[in-house]
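What follows is a set of notes on a single structure, which appears directly below.
The values are calculated or read from the model by the stated rules, or taken from the named source; none is laboratory data. It should be emphasised that the depicted structure is a prediction, and the values quoted were computed from it without experimental measurement. Cβ placement follows ideal geometry from the backbone for every residue including glycine, while neighbour counts extend to all protein chains displayed. Keep in mind that these areas ignore ligands, DNA and RNA; they rest on the heavy atoms of the full protein, side chains included. Shrake-Rupley method; radii C 1.70, N 1.55, O 1.52, S 1.80 Å.
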Amino acid sequence: MGAQYAILRFAKYKGPQISKIEAHNERTKESYASNPDIDPSRTHLNFHLIEPERKYRAEAEKQIKEAGCRTRKDSVRLVEALVTASPEFFQGKKKAELKEFFQYALDFITKHQPAETVVSAVVHRDEKTPHMHLTFVPLTADKRLSAKEILGNKKKLVQWQDRFWKHMVKKYPDLERGESASLTGRDHIPPRVFKEMTVLTKQKEQLDKLLTGINPFNAKKRTEQIGKILDKYIPAAAEMETTLKKYKVAFTTTTTENKRLKKQKTDLQQQVEEASKTSIRKKLEDNQLRRDYEDALAVLERIPPEVIEAYTRRPRERGKRIEKIL
């Protein structure tokens, strides 16, 4: 069995983003088409260590008001801590053991952040790897709203990682310290990015099927079908480009580079299976994201000019989008 890592990640959220985080954490939606890792048949296995008393945003505003804090429109009102470990660590563990692990992690958070600021702590077992989403209002001990002070700069985030590992290893000595994004030189790529790429790849496969065998006899029908997919595909591809740049994933969009990356697919998969160090995995994940994204752009090059023309003759905004991505 390879190395097993203790993992702690933070994310900051302002007002408009909070409801989306709550919907994901509390599983308030009936289906999650954009998140293929969620298995609804297992959602009943999820459990809370701390149940929210009210909506996340309402609880945040209540605590902020009671503390007498002034806020701006762009103030961070909620911080989320994602707690998990390497998948191998959880193999064979029952609910009681999982609860004990995440409770021990929760104890660490509440040693460094007032317990009364915690809005929710929920453990998800309906995805591939058990993990806990812990959300809290970033109020300091002297009642100031300051996510910046609590999480700090890169140096302080490294200290958070150090303290978390030292706490967890007392009870779970086999766990190793996770690699800090501050030390790798780039932000950690959150799981949602890989999930979004999975959705984009599925749409690419649908386009591939429609483009295969297109001819004058079926062109009209297929053009309509392609147009419906492109309505989602074009903005999603543009957003993915922005996301990859944000997380410093280097990529190109040339056909030659795309072909070269396709040839490396088998080797890349083999390397991923053999990789045992977190730093190596991250580099390989970058390459995987880059390859998948360039495959997504390559399918657009296969669309016949007349289909593109028919699509761009539709509402003007769509035409602008596809011109931008091409």
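Note on HIS44: accessible area approximately 140 square angstrom, rounded to 10, probe 1.4 Å, nucleic acids and ligands left out. Relative to the current alpha-carbon distance between PHE47 and PHE194, full extension at 0.36 nm per residue lengthens the span by 50.4 nm. What chymotrypsin sites (Phe, Trp or Tyr not before Pro) does region 130-182 have in DSSP loop regions with at most 16 other beta carbons within 10 Å? In loop regions of region 130-182 (DSSP not H, G, I, E or B), there are no sparsely surrounded chymotrypsin sites (Phe, Trp or Tyr not before Pro). When only Cα pairs under 8 Å and 6 or more residues apart are kept, what is the percent relative contact order across region 1-106? Relative contact order, region 1-106: 54 percent.
Please check which bits of region 103-118 a label hung off ALA141 would reach, taking the label as a point 7 Å along Cα-to-C-beta and the cut-off as backbone N under 19 Å. Inside the label zone: 107-118. For region 197-222 versus region 20-99, the spacing of their alpha-carbon centroids is 37 Å. Name the residues of region 143-164 whose amide N is less than 14 Å from a point 7 angstrom out from the Cα of LYS111 along the C-beta direction? Answer for region 143-164: 160-164.
A viscosity of 0.890 mPa s and a temperature of 25 °C, combined with the Kirkwood radius over Cα pairs in Stokes-Einstein, give a translational diffusion coefficient for region 1-134 of 153 µm²/s. Taking amide H as placed 1.01 Å from N in the peptide plane, the amide H of VAL119 sits under 5 Å from that of THR135, PHE136, VAL137, each at least 5 places away or on another chain. Evaluating kT/(6 pi eta Rh) at 4 °C and 1.567 mPa s, with the Kirkwood radius of region 43-111 over Cα pairs in the Stokes-Einstein relation, gives 87 µm² s⁻¹. Applying 1/(1 + (r/R0)^6) with R0 = 25 Å to the Cβ-Cβ distance of GLN91 and LYS170, what FRET efficiency is obtained, to the nearest 0.05? Calculated transfer efficiency: 0.70.
The eigenvalues of the Cα gyration tensor, multiplied by 5 and square-rooted, give region 47-196 an equivalent ellipsoid with semi-axes of 26, 19, 16 Å from largest to smallest. Non-local lysine pairs in region 35-101, meaning eight or more places apart or on different chains, with alpha-carbon distances under 28 Å, amount to 6. Between GLU239 and LEU82, full extension at 0.36 nm per residue minus the direct alpha carbon distance yields a gain of 54.1 nm.
When you filter the trypsin sites (Lys or Arg not before Pro) in region 65-127 for DSSP loop state and at most 15 other Cβ atoms inside 10 Å of their Cβ, you are left with ARG70, ARG72, LYS73, LYS93, LYS94.
Scanning residues 5 or more positions from HIS131 or on other chains, those with amide H under 5 Å from its amide H are HIS124, with H placed 1.01 Å from N in the peptide plane. Residue by residue, region 45-59 carries 3J(HN,Hα) couplings of 7, 5, 8, 9, 9, 9, 8, x, 7, 8, 4, 3, 5, 5, 5 Hz when phi is fed to the Karplus relation 6.51 cos²θ - 1.76 cosθ + 1.60 (θ = phi - 60°); x denotes Gly or Pro.
If you average the sequence gap of Cα pairs under 8 Å that are 6 or more apart and divide by the length of region 22-170, what percent do you get for the contact order? So the answer I get is 32 percent. Across region 154-162, computed HN-Hα scalar couplings (Karplus, 6.51 cos²θ - 1.76 cosθ + 1.60, θ = phi - 60°) run 4, 4, 5, 5, 5, 5, 4, 4, 4 Hz from first to last residue, x flagging Gly and Pro.
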